[in-house]
Amino acid sequence: MKIGIVCYPTYGGSGVVATELGIGLANLGHEIHFITYKRPARLTSFHENVFYHEVDTEEYPLFEYMPYDSMLASKMVDVVRYENLDILHVHYAIPHAAVAYLSKKILLSKGKYVPVVTTLHGTDITLVGKNKAFSPVVEFSINKSDGVTAVSESLKQQTLDYFDINKNIKVIPNFIDFERFKRINKDHFKKAIAPNGERIITHVSNFRKVKRIDDVVKVFHRINQNLPSKLLLIGDGPERRKAESQCRRLGLCDEIRFLGKQDAIEELMAVSDLFLLPSQKESFGLAALEALACEVPIISSNAGGLPEVNLQGKTGFLSEVGDVEDMANNALKILNNKKLHNEFRKNALQQAKRFDISNILPEYESYYEEVLKTAVYTAP
Ligand code: GMT
């Protein structure tokens, strides 16, 4: 198949999933065309089946706000038409699903029919999407997509709760590539981070408010009062500065390292003893799955789709959002009991295997085939 993939090219989860999906499908022989405003962060090397089309984002003095949607639609029309794509797969509803609908209508007027699959990732529904500034467009464009997928059962349910949806939503969970994410020996690395054998706790995110970075620090503070430990904070975003002040206030600067954006997350996971994800909202929690694949147990909130990834009492523990006391107690329960820790590590790997990329890619392939067969041609 010739598949167009539209996504945010940055470090956010939806962009990572879209890029890994495209690369995975290209490895299976499909021709993949990424249409984004910047080369996707995880699209790092040449692949004979992968093409990249950059959206023109020219500025013009009249525009206080760039009409990105129009520029994206024009690029999508151009690529679908001249590369003769079979299907368009857009990730994150805003604005991609609406722009896909517009592109489809323009293409129809030119005699080219292309069905659209929209994948809902999380905040496009639970946070930004349900905001009145976007919700009519989100609802309309989901209903106008030829196929809709959500990354967890929880996200599917929330979409049905928030909007008036007349489409079937298929749940296809996020996935993991075990070629890359696995527990590897990085002892030299461990020694550099924790020279006295301290426990290594990790958090990875885009440091947005919804990730509750202050809770990460609070939970770590409690752990650190009981157990020699180090916290690795990986990623960057609007909440980082506040977190830095919090660490200084708590006198934790020597125990917490802000590592910023990192490409080789798997190497850092490989030395981690525990992963923290106390999010306010989380449709799936891709970073949590990456931790599981590296055999790292998780202390998380019970928000959104996290219970589908982190299994209570098996791969870690889940607490109510904001209950830092409970999270810290659970963390210590695991860290202070070697047998339990090892058991959770084993369970983590088993659970991660359910999301192996080699199981999930065929789900997307057959979904595309189904959409291609059932999508109804509508006149322009
Ligand atoms: O929150 C993020 O990390 C970014 C956001 C995105 O769309 O870029 O992530 C969402 O999509 C990820 C991939 O499907 C999910 O794993 C995240 O749980 C989801 N984030 C939220 O729901 C807050």
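The values are calculated or read from the model by the stated rules, or taken from the named source; none is laboratory data. Please read these numbers as outputs of a predicted model, since none were measured by experiment. FYI the Cβ positions are ideal-geometry reconstructions off the backbone, even for glycines, and counts take in every protein chain you see. All accessible areas refer to the heavy atoms of the entire protein, side chains included, with ligands and DNA or RNA removed. Shrake-Rupley method; radii C 1.70, N 1.55, O 1.52, S 1.80 Å.
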Glu308 being at positive phi and surrounded by 15 or more Cβ atoms within 10 Å (Cβ to Cβ): no
For the subset of segment 7-47 comprising residues that are of a type in the set (A, V, I, L, M, F, W, C) and within 13 Å of the ligand (Cβ to nearest atom), which member is modelled with the lowest pLDDT? Ala41
In the set Val210, Val148, Val216, which member is aliphatic (A, V, I, L, M) and either assigned by TED's automatic domain parsing to the domain that holds Ile94 or not in a helix (DSSP H, G or I) (or both)? Val148
Does segment 175-195 contain any residue that is over 26 Å from Ile23 (Cβ atoms), within 16 Å of the ligand (Cβ to nearest atom) and outside the structural domain of Lys144 (by TED's automatic domain parsing)? no
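So that you can scan it fast, the table gives a plain yes or no per residue for (1) crowded, with 16+ Cβ neighbours inside 10 Å; (2) under 24 Å from His121 (Cβ atoms); (3) under 18 Å from the mean Cα position of the chain (by Cα):
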position	(1), (2), (3)
Ile223	yes, no, no
Leu232	yes, no, no
Gly237	yes, yes, yes
Lys242	no, no, no
Gln246	yes, no, no
Cys253	no, no, no
Ala264	no, yes, yes
Which one of the conditions (1) part of a strand (DSSP E or B); (2) closer than 18 Å to Met71 by Cβ does Lys105 fail to meet, given that it meets all the rest? (1)
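So that you can scan it fast, the table gives a plain yes or no per residue for (1) crowded, with 17+ Cβ neighbours inside 10 Å; (2) within 24 Å of Glu20 (Cα to Cα):
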residue	(1), (2)
Ala93	yes, yes
Leu102	yes, no
Lys105	no, no
Thr119	yes, yes
Ala133	no, no
Ile142	yes, yes
Val148	yes, yes
Leu155	yes, yes
Ile165	no, no
Just name the residue that is most open to solvent (accessible area, probe 1.4 Å) out of those in segment 330-348 that are of a type in the set (S, T, N, Q) and in contact (Cβ under 8 Å) with a residue 24 or more places away in the chain. Asn336
